[in-house]
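S.K.: Pasting a structure here, questions to come.
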Amino acid sequence: MDNEVDTKRKPNARRRGIYLLPNLLTTGALFGGFYSIIAAIDGRFAVAALAIFVAMFLDGLDGRVARMTSTSSEFGKEFDSLSDMVSFGLAPAVVTYQWGVERLSEYGAIWGRLGWAAAFVYVAAGAFRLARFNSNVVWTDRRFFQGLPIPAAAATIAAMVWVSTKYEVDGLVALVAGIAITAALGVLMVSRFSYLSFKEFKPGHRVRYTRLLVIPLVIVVIVIEPPLVSFLLMLVYATSAPAVWLWRRVRRGSR
């Protein structure tokens, strides 16, 4: 009887276990966010931006590895969410603050306060976005995300800071635009706009040769000018859902 009970309990114990590989990748993503904060405090904004991109890459791997190796667990899901909050919620806000808000204060106390508020709006929106994602059992369409995903928002901020650092974009207008984009990304995260998730993308499907050629062209363009192309790609994705929503509203109104 005891042996039978032990046998029944083993599968549950395995599902609740802590698995090394996916959680190691999550830890790497967490370290990327932590290192981004440290680099931003030290004034190395290009490195801080790259650290967020590395965290984004590792975050995209951990879930896939867990599913491929059947090592998904409740611990892994909770750990991944906490890691996301640090790497894609807190780190981009700190980077924005160190990059722009401190310099905005030089133009007047009111500008500094607005920048500080924009950074906090982003952090709060990121926390809300993750909490809604974890608890939303109604949204079942895997093709779309409800609201801008927090890694995409973080990558947009990282690319923006990277571009401004490389091309020495400075001045009040540039800094105000930066904090405005930060606040807008926070609003998009908690919005109900539907963003493509690309989860239904299947590498095994056949495609035309003309479409296949797009891949090396995109890679070449990114390699030639990584900061600018990354920023433009992320900005297009961030604004795609509101643009589609507005286009549909205009079409309905014209009928």
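The values are calculated or read from the model by the stated rules, or taken from the named source; none is laboratory data. Everything quoted here is computed from the prediction, not taken from an experiment. All Cβ positions, glycine included, derive from the backbone under ideal geometry; neighbour counts span all protein chains shown.
S.K.: Is at least one residue of the stretch 104-116 touching a residue at least 24 places away in the same chain (Cβ under 8 Å) and polar (S, T, N, Q)?
M.R.: no
S.K.: Right, next: Which condition breaks for A177 when tested against (1) touching a residue at least 40 places away in the same chain (Cβ under 8 Å); (2) under 20 Å from V229 (Cα atoms)?
M.R.: Unmet condition: (1).
S.K.: Do we find a residue being in contact with a helix residue (DSSP H, G or I) (Cβ under 6 Å, 6 or more places away or on another chain), under 22 Å from A125 (Cα atoms) and either surrounded by fewer than 18 Cβ atoms within 10 Å (Cβ to Cβ) or small (G, A, S) (or both) anywhere in the stretch 67-85?
M.R.: For the stretch 67-85, residues in contact with a helix residue (DSSP H, G or I) (Cβ under 6 Å, 6 or more places away or on another chain), under 22 Å from A125 (Cα atoms) and either surrounded by fewer than 18 Cβ atoms within 10 Å (Cβ to Cβ) or small (G, A, S) (or both): present.
S.K.: Restricting to the stretch 56-65, give me the number of residues that are surrounded by 18 or more Cβ atoms within 10 Å (Cβ to Cβ) and in contact (Cβ under 8 Å) with a residue 60 or more places away in the chain.
M.R.: 2
S.K.: Any idea which residue in the stretch 192-205 is modelled with the lowest pLDDT, counting only those that are closer than 17 Å to M234 by Cα and not in a strand (DSSP E or B)?
M.R.: That would be F198.
S.K.: So, one more: Can you work out which of the residues in the stretch 1-45 that are modelled with pLDDT of 95 or more and small (G, A, S) is surrounded by the fewest Cβ atoms within 10 Å (Cβ to Cβ)?
M.R.: G28
S.K.: From (1) among the hydrophobic types (A, V, I, L, M, F, W, C); (2) touching a Gly at 6+ places or on another chain (Cβ under 7 Å); (3) at pLDDT below 90, pick out the condition that doesn't hold for V137.
M.R.: Only one criterion is unmet by V137, namely (2).
A quick yes/no check of all residues on (1) in a helix (DSSP H, G or I); (2) within 19 Å of the chain's Cα centre (by Cα):
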position	(1), (2)
F57	yes, yes
T71	no, no
E106	yes, no
I110	yes, no
A119	yes, yes
R132	yes, yes
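S.K.: Moving on. Which ones in the stretch 80-100 are over 16 Å from the mean Cα position of the chain (by Cα) and of a type in the set (A, V, I, L, M, F, W, C)?
M.R.: Once the filter is applied, which keeps residues that are over 16 Å from the mean Cα position of the chain (by Cα) and of a type in the set (A, V, I, L, M, F, W, C), the stretch 80-100 yields only W99.
S.K.: Right, another one. From the set of residues in the stretch 22-55 that are farther than 18 Å from A155 by Cβ and part of a helix (DSSP H, G or I), which is farthest from the chain's Cα centre (by Cα)?
M.R.: Top of the filtered list is I41.
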